[in-house]
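Visitor: Here it is, the structure, as structure tokens.
No lab work stands behind these numbers, since they all come straight from the coordinates. Bear in mind the structure is a predicted one, so any value in this text is a computation, not a measurement. As a convention, Cβ positions derive from the backbone with ideal geometry for all residues, glycine included, and neighbour counts pool all protein chains shown.
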Amino acid sequence: MTAAIDTLLQGLLLGGLYALFATGLALSFGVMRMINIAHGDFAILSAFLAVAVVAGLGLNPFVVMILVVPAMALLGYGLQRLVLNRTLGKDIMPPLLVTFGCSIVIQNLLQEIFSADTRSLDAGSLGTDSLALGGGVAVGVLPLLIMASAVAVLAALQYLFARTRLGRAFRAASDDATTAQLMGIDNKHVYGVAMAIAMAVVALAGFYLALRANVSPSEGPARLIYAFEAVIIGGLGSLWGTLAGGMVLGVAQSVGLRLDPGWGILSGHLAFLAILVLRPNGLFPKTRDR
Amino acid sequence: MSVNEIQIERSTRASNIAAILGVLLLVAFVSMPWWGERSGQRLLTEFLYTVALAQMWNLLAGYGGLLSVGQQAFVGLGAYVLVALGLHAGINPFLVIPLAGLVAGLIAIPTAAVLFRLRGAYFAVGTWVVAEVFRLLISNSSSWGGGSGLSVTQTVRDIPVWWRDSLTLWCAVALGASATLLVYWLLRSRHGLALTAVRDSEPAASSLGVSVQRIKWFVYIVSAVGCGMVGALIFITKLRVSPEAAFSLDWTTVMLFVVVIGGIGTVEGPIVGTLVYFVLRELLSNYGSWYLIALGLIAILFMLWIPRGIWGLMSARFDLRCFPVQRRLRLDEEAKR
Amino acid sequence: MSLLSVNNLNAHYGDFQALYGIDFRVEEGETVAVIGANGAGKSTFLRTLSGLISTARDGVIFAGQSIGGELAHRIVGLGLAQVPEGRCLFPSMSVEENLLIGAYSGRPGPWNLQRLYGLFPILKERRNVPATMLSGGQQQMVALGRALMSNPRLLLCDEISLGLAPVMIKDVYAALPGIKAEGTSVVVVEQDTGQAMRVADRLYCFQEGKVALEGAPSQLSREQISLAYFGV
């Protein structure tokens, strides 16, 4: 019984990490109607960047995070304005193909610079501490921290969208880019900011990933897939749905892993496919997929 | 001016020349086992199956409007049909090739049923998930060699080397040429007009009675069949099948690169793109991962600045069409009066 | 100096030329109407003024500045706002949010939520309703209010009576005097010639992308207008 609760809890908390990955993806699709195929690779890039800075400057990983996240946000803004904005239009192919190219470039660049070995960040005692919940059940402090971060980020974004001038601009640009211009909104800049935020969140996700486990340069695509699955399971257009989706995925993977080591990831995929067949709009859909 | 005086024609001078050249090239390829040397044959085999793969991706994306980053699912499937029928059941590997296509086509049916619930970019990532599912399912089962794979040399052991190489080449010629001709034929037919219409505007096409759904199904299944057959052929040449290699994203990377560089949505594009890809690969062969980085960067640059690819650019500039798919109106001399 | 001065304006959709050498002017405080049949180029003209279609730099001079081909979002900041054809409200936003987004450019001026609710009391009652769930007439009020929130010096109204019942059209146009009282100049594109003539100080008639007639309503005869409108 404890084992079952343990598995469930682990899965739920893993969902927090997946939700962080998924949020950036959901944001860029929500505002720009664009999926960044290199989304996972940017997370891995931030992780390796953090690893390099920690190794080079010997700083505490959390301090490095405070440096890396804004740096990645800036990179995201630049990438959107200089490259990705040129691909936006009626055709869905250019942004997908360009970001696919980015994915290949990043993976191989990381491989050239860092070799194919895996790296990780040392979380110190945080990585091993656990909180006892009674009844013989305990949860790791790090997974709890990650889940707390995910909830905080989602709450902040919800507030941003619902109550701020920028959030309204995001919604306007997403609803109707032409009329948004008539309101005085500079779409190119707004998309840049959206990508900067998405990139900051994904940098945080990559950072946590490296704290939790080893990362390898070619892991990006897998991360993209989990993010994507979390978004679809949760339902398009719903930020909190993304958290739910992440948790469903996390639990599916956790349960599968418990049954057979080779079935962890596969169970996640199968759960995704099942939701796709049974409830194609996800668990908490808010918008129709256009 | 009455209707009788307007002629509808298809061929151009370029296309007539190309047709003759094409036949000559085919004769040269097929006869290569008698005059060519081994390494040249292997290269040509690889060239031709790459063209076949690219045409399959082109069919999906350029005409069906379905962007897939998961065709490696069917390439890998073809490889494992080779394992099942060639290795385990002892069937002649070259006969397995069409069977691999059949199996891939059958599996494509339920796959499409699930995937078509997604659209656009989501469909693309969905295809990737499917490929991953296939890979993991096979990785987890030891009867297929598990994660480390197995050798299929057994399948060709009884075939003399000359026949092995020649049959491989002939199959590659057959696949490359038929993939190209199939795409060409499809586009010449009224299905082609329908496909172009779907690509240009789904709602408009469907309001004209074009069955968008049926076209997407057809294109998806044909592409799966093609990729399956090529998959079986590829692993006859490689002789070792592992899930990593069979379901590798690299297949999609190559298809994508070739079609983007060559020209999406044209019949000639994948051929031009494959040529460029092979040349680049030769030039950059000593640089390890840098060669993939260069491919990625070139694809990005092309997508940003030359979205119609090399062939798209050239055919617009010089009005060249080697595989004419449009119909042109030609007014008779008389009618011009 | 006119508030808006348009000189020999040409505009294209790709290869297709939609406007030919338009000369047009709006004086401070005026209400100018643009009438014409479907496809005459009226909406194209407004879209060009707002920067959605590019044109020669000196083709449009607004408050002394050449703004032809300027980026659309900058033109709003200069004080030229449009109520687009078909209203184009943002479906994911409530009535109040749609009004608020109109103030994005942050231009100072007399218009704010309070004033707008004063002008259109019905909107205050329905401020949290998703904007696209309102009736046609109410949506038009939101669209008008949204444009006013940017405190424009010149307001362009593209077919605000389109699809509305006559009693609704009256209500919408009843807001015009309040707008004019704040010193805003207005350009009204209308298919309903009678309505246009009732509100305008001057009117232009477009036909196939050209100006076919110009003058004050009182000085133009029915025949002149028919001729210019239909071109027969």
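Visitor: Hey, what number do you get for chain A at 222 nm if only DSSP H runs of n ≥ 4 count, each worth -39500 (n - 2.57), divided across all residues, to the nearest 500? Mind dumping the intermediate values first?
Guide: Working: 11 runs with 211 residues, N = 290.
It lands at -25000 deg cm²/dmol.
Visitor: Please compute the contact order of region C:4-230 in relative form: average sequence separation of alpha-carbon pairs under 8 Å and at least six residues apart, divided by the residue count, as a percent.
Guide: Details: 457 pairs, mean separation 63.5, N = 227.
Relative contact order for region C:4-230 comes out at 28 percent.
Visitor: Now, a different point. With a ≥ b ≥ c the root eigenvalues of the C-alpha gyration tensor of region A:108-190, is it rounded (a/c under 1.5), prolate (a/b larger than b/c) or oblate?
Guide: It is oblate, given that a/c is not under 1.5 and a/b is not larger than b/c.
Visitor: Next question, about the same structure. Check the straight Cα-Cα distances from C:LYS42 and name the lysines below 19 Å, setting aside those fewer than 8 residues away within the same chain.
Guide: C:LYS210
Visitor: A:LYS188: which aspartates and glutamates have alpha carbons under 12 Å from its alpha carbon, excluding same-chain residues fewer than 8 sequence positions away?
Guide: Filter leaves no residues.
Visitor: Would you list, by chain and number, the aspartates and glutamates whose Cα falls below 13 Å from the Cα of C:LYS124, excluding same-chain residues fewer than 8 positions away?
Guide: Partners found: C:GLU96, C:GLU97.
Visitor: Please say if region A:46-150 is rounded, prolate or oblate, where rounded means a/c under 1.5 for a ≥ b ≥ c the square roots of the C-alpha gyration tensor eigenvalues, and otherwise the choice is prolate for a/b larger than b/c and oblate otherwise?
Guide: Details: a/c = 2.41, a/b = 1.78, b/c = 1.35.
Prolate, since a/c reaches 1.5 and a/b exceeds b/c.
Visitor: Now for a different question. Relative contact order (percent) for chain A, with alpha-carbon contacts under 8 angstrom and 6 or more residues of separation? Write down the numbers at each step before the final one.
Guide: Working: 502 pairs, mean separation 105.1, N = 290.
This gives 36 percent for chain A.
Visitor: Averaging over all projection directions, find the projected area of the Cα convex hull of region C:1-74 and quote it in nm² with one decimal place. List each step's numbers first, then the result.
Guide: Numbers: hull surface 20.0 nm².
Taking a quarter of the hull surface, the average projection is 5.0 nm².
Visitor: Here's another thing I want to ask about it. Using only alpha carbons, build the gyration tensor for the protein assembly as shown and give me the equivalent ellipsoid semi-axes, biggest first, whole Å.
Guide: Values: eigenvalues 578, 309, 97 Å².
Output for the protein assembly as shown: semi-axes of 54, 39, 22 Å.
Visitor: A further question follows. When the label point is put 7 Å from the Cα of C:ARG25 along its Cα-to-beta-carbon vector, which residues of region C:159-186 have a backbone N closer than 20 Å?
Guide: Counting only backbone N, you get C:184-186.
Visitor: Turning to a different aspect of this structure: Find the eigenvalues of the gyration tensor of the Cα atoms of chain C, then list the square roots of 5 times those eigenvalues as equivalent ellipsoid semi-axes, largest first, in whole angstrom.
Guide: Numbers: eigenvalues 152, 84, 53 Å².
Semi-axes (√(5λ), whole Å): 28, 20, 16.
Visitor: Let me ask you something else. I need the trypsin sites (Lys or Arg not before Pro) found in region A:47-101, filtered to DSSP loop residues with at most 14 other beta carbons within 10 Å of theirs.
Guide: Numbers: sites: A:ARG81, A:ARG86, A:LYS90; in loops: A:LYS90.
Here the trypsin sites (Lys or Arg not before Pro) that fit, given the DSSP loop and packing criteria, are A:LYS90.
Visitor: Assigning unit charges at the beta carbon (Lys, Arg +1; Asp, Glu -1) and nothing else, what dipole magnitude in debye, to the nearest 20, does the protein assembly as shown show about its Cα centre? Mind dumping the intermediate values first?
Guide: Details: 61 positive and 52 negative charges, 111 e Å.
The dipole of the protein assembly as shown has a size of about 540 debye.
Visitor: Counting pairwise Cα distances across region A:20-218, what percent come out greater than 29 angstrom? Can you show the working numbers first?
Guide: Numbers: 5812 of 19701 pairs.
Percent of Cα pairs beyond 29 Å in region A:20-218: 30.
Visitor: Determine by what factor the alpha-carbon radius of gyration of region B:28-249 differs from 2.2 N^0.38 Å, reporting the quotient. Before the final figure, lay out each step's value.
Guide: Details: Rg = 18.0 Å, N = 222, 2.2 N^0.38 = 17.1 Å.
Compared with the compact-globule rule of thumb, region B:28-249 sits at 1.05.
Visitor: Sticking with this structure for a sec: Which residue, chosen from C:ILE61, A:LEU97, C:LEU89, occupies the Cα position most advanced towards the positive end of the dipole of the protein assembly as shown, where the dipole is computed from +1 (Lys, Arg) and -1 (Asp, Glu) charges on Cβ about the Cα centre?
Guide: About the Cα centre, the residue reaching furthest to the positive side is C:LEU89.
Visitor: Rounded to two decimals, what is the ratio between the C-alpha radius of gyration of region C:170-212 and 2.2 N^0.38 Å? Write out the running numbers ahead of the final one.
Guide: Numbers: Rg = 11.8 Å, N = 43, 2.2 N^0.38 = 9.2 Å.
In units of the 2.2 N^0.38 Å rule of thumb, it is 1.29.
Visitor: For region B:151-160, take each phi angle, set θ = phi - 60°, evaluate the Karplus expression 6.51 cos²θ - 1.76 cosθ + 1.60, and give the result in whole Hz per residue in order, putting x for glycine and proline.
Guide: 3J(HN,Hα) across region B:151-160, in whole Hz: 8, 10, 4, 3, 5, 9, 3, 7, 9, x.
Visitor: Show me the trypsin sites (Lys or Arg not before Pro) within region B:98-158 that DSSP assigns to loop and that have at most 13 other Cβ atoms within 10 Å of their Cβ.
Guide: Details: sites: B:ARG117, B:ARG119, B:ARG135, B:ARG157; in loops: B:ARG117, B:ARG119, B:ARG157.
When the trypsin sites (Lys or Arg not before Pro) of region B:98-158 are filtered for loop state and at most 13 Cβ neighbours within 10 Å, B:ARG157 remain.
Visitor: Based on Cβ point charges of +1 for Lys and Arg and -1 for Asp and Glu, what charge dipole magnitude is obtained for region A:20-218 about its Cα centre, in debye rounded to the nearest 20? Mind dumping the intermediate values first?
Guide: Numbers: 11 positive and 9 negative charges, 119 e Å.
Dipole size: approximately 580 debye.
Visitor: Per the Kirkwood definition applied to all pairs of different Cα atoms, how many angstroms is the hydrodynamic radius of region C:41-177? Numbers along the way, then the final one.
Guide: Details: mean 1/r = 0.0654 Å⁻¹.
Hydrodynamic radius (Kirkwood, Cα pairs) of region C:41-177 is 15.3 Å.
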